[in-house]
Amino acid sequence: MNKRVDKPTETVAVTDITEEFHPAGVGELDLYQKREKIYTRRIEGFYQRIRVYTGWPLLLGYFLLPWLNWDGRQAVLFDLPNRQFHIFNLTFWPQDFPLLAWMMIIAAFALFTVTAWAGRIWCGYTCPQTVWTAIFMWVEQWCEGSRNQRIKWDKAPWSVEKFARKLSKHALWGGFALLTGFSFVAYFSPARELLVNLVTIDFAALLSLGFNLDWWGLGIWEASWIIFFTLATYINAGWLREQVCMYMCPYARFQSVMFDQDTLIVSYDYHRGESRGARKKGVDASEKGLGDCVDCQICVQVCPTGIDIRDGLQYECINCALCIDGCNSVMDQMGYEKGLIRYTTENSLNGQPTNFLRPRLIGYAVAVVVMVAIFFTSIIVRVPLKLDVIRDRDRLYIQTTEGYIENSYTLKVINMDQQSHQYQISFSGLEGAKIIGKSKVVVIPGELSELPIRLSIDPADLEKTNNTIEFNVQAIDGSDYEAIAESRFIGPRVK
Ligand code: SF4
Ligand code: SF4
């Protein structure tokens with residue numbers, strides 16, 4: 001997306017550029033851009049209410065979901081040690097990895113679709129970095145006051161009040177960051193046990209000052225991840241803020257590929273706003289050749305990334321619409337029509353009609369709908385039973401004292417259902433052979449049962465040396481779940 005250019009550009013010779021970067025008497029160009037601290041001004045308005053309505057359900061969902069139980073276990077639990085992902089009444093196993101990969105692809109396509117239609121609304125309203133930063137900013141305003149007061153506090157020498165305000169801000173940030181880190185790990189380690197472990201401290205062991213965590217109920221991995229996510233939240237939302245969006249997030253860099261002239265963007269109406277300038281309320285600004293922009297800088301002061309939207313669309317803009325609410329409040333005060341800064345499209349700004357139903361957008365949307373339909377169909381028809389067969393590789397076959405030829409296998413039967421099932425094991429592809437060992441097995445929900453069995457055959461019935469066979473596992477308790485896996489039966493050379 002191009003920035004608005006006020007003046008025609010001039011062709012500049014390479015030597016001029018070099019001189020500009022290395023003017024006489026000035027040292028080397030410093031490639032490090034020092035960060036100017038951004039003091040955002042609090043603003044209320046229509047879009048901020050939408051941000052609150054979208055942000056709170058996401059926050060509450062994130063914090064409360066690990067505490068929700070479903071069918072006697074945590075509703076959402078990514079149980080890595082047992083390699084099971086529980087999401088309500090579904091359990092995903094490593095064998096379901098294609099489904100999870102498919103889910104990621106759907107999420108990526110959905111993001112492309114939304115971005116092509118409405119720009120970076122994901123960034124402005126639902127991205128965790130934006131939501132958490134908004135909470136941290138709210139805490140900062142609560143502890144240190146308005147924008148002007150915060151600037152004053154930062155310039156003021158240290159005093160008891162300044163120390164108390166800063167301390168309370170960092171303590172609240174730290175507490176919220178800890179809650180965030182704990183909740184994240186609670187998706188991987190059962191939340192209730194994790195909480196008990198977190199607060200279990202063996203003071204006698206602690207006082208012995210050993211270089212280990214034996215005094216703490218938490219294991220080393222749980223403790224490390226909670227500390228890591230607590231620090232990451234505190235640093236990202238408290239200190240780095242807009243720098244995460246500007247320098248670390250790859251999405252900010254490639255989003256422009258998905259934009260076109262009909263994509264909704266937050267934009268300043270250049271034709272209506274210029275020439276900008278201060279004026280008294282009620283004065284006819286057009287007589288002075290002024291547009292509707294009173295150059296109050298409110299749009300810049302409310303911007304969490306510190307940009308001036310009047311300079312045109314910039315990659316730092318996260319489409320949060322704070323500048324729209326800020327400018328609308330100024331327009332209200334001046335008695336002007338709202339919308340000097342608004343959600344619009346480049347075509348609309350240039351007086352062209354906006355085409356929302358364009359082929360690219362329809363293509364994206366159709367692709368997402370088809371992928372979602374395939375995903376849910378796969379879930380519905382998915383059989384909650386898996387069978388893996390591992391053939392004994394140590395010996396090709398054994399010959400018993402009775403003269404029979406035997407091959408050994410380990411059958412791994414995984415019950416991915418929520419109830420126990422009894423399964424019958426059978427095979428096909430080897431006429432005259434029989435199973436030695438158990439041919440029935442009961443597997444409890446979410447468990448894997450390993451069953452060693454042997455196939456035995458009279459060599460006179462063996463027609464080939466290398467035979468393809470199929471093992472079949474069939475539920476025999478009323479459900480019709482069935483799984484099949486292929487293997488081989490190898491015998492002596494057949495003449
Ligand atoms: S320019 Fe406006 S929409 Fe963009 S980040 Fe700043 S305040 Fe948000
Ligand atoms: S808030 Fe509106 S009126 Fe004020 S400087 Fe920004 S664009 Fe101009």
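The values are calculated or read from the model by the stated rules, or taken from the named source; none is laboratory data. All values derive from a computational prediction rather than experimental measurement. With ideal geometry, Cβ positions are generated from the backbone for all residues, glycine too; neighbour counts draw on all protein chains shown. Accessible surface areas use protein heavy atoms only, side chains included; no ligands, DNA or RNA. Shrake-Rupley method; radii C 1.70, N 1.55, O 1.52, S 1.80 Å.
Note on the chain: helix-only mean residue ellipticity at 222 nm, from DSSP H runs of 4+ residues weighted -39500 (n - 2.57) and normalised by residue number, equals -11500 deg cm²/dmol.
Other residues lying with their Cβ under 15 Å from the Cβ of Thr113 contribute a combined charge of +1, Lys and Arg counting +1, Asp and Glu -1. Summarising the amide proton neighbourhood of Ile469: residues at separation of 5 or more, or on other chains, whose placed amide H is nearer than 5 Å comprise Ser487, Arg488, Phe489. Kirkwood analysis of region 229-299, using all unique Cα-Cα pairs, places the hydrodynamic radius at 16.0 Å. Whole-Hz Karplus values for region 388-400 come out as 10, 10, 10, 7, 5, 8, 5, 10, 5, 6, 10, 10, 6 Hz, taken residue by residue from phi with 6.51 cos²θ - 1.76 cosθ + 1.60 and θ = phi - 60°; glycine and proline positions read x. Applying the criteria of a DSSP loop state and at most 16 other Cβ atoms within 10 Å to the trypsin sites (Lys or Arg not before Pro) of region 55-152 yields Arg83. Across Phe188, Phe259, the residue with the most accessible area heads the list, and the full order at a 1.4 Å probe is Phe188, Phe259.
With the largest listed first and rounded to whole Å, the semi-axes of the equivalent ellipsoid of region 272-373 from the Cα gyration tensor are 34, 16, 11. Membrane-span-like helices in the chain: DSSP H runs reaching 27 Å or more (Cα, own axis), mean Kyte hydropathy at least -1.0? Within the chain the helices that satisfy the rule are 46-64, 97-118, 160-185, 359-381. Estimated from the Cβ-Cβ distance and a Förster radius of 25 angstrom, the FRET efficiency linking Gln422 and Asn69 is about 0.35.
Over region 385-490, the reciprocal of the mean inverse Cα-Cα separation, the Kirkwood hydrodynamic radius, stands at 14.3 Å. Computed in the context of the full set of protein chains, the accessible area of region 269-406 at 1.4 Å probe radius has 56% of its extent on carbon or sulfur.
Placing +1 on each Lys and Arg Cβ and -1 on each Asp and Glu Cβ, with no other charges, gives the chain a dipole about its Cα centre of roughly 1060 debye. Reducing region 409-457 and region 290-337 to their Cα centroids gives an inter-centroid distance of 68 Å. Each distinct pair of alpha carbons in the chain adds a 1/r term; the inverse of their mean, the Kirkwood radius, is 29.1 Å.
Annotation: per residue accessible area for region 385-490 equals 54 Å², rounded to a whole number [probe 1.4 Å, protein chains only].
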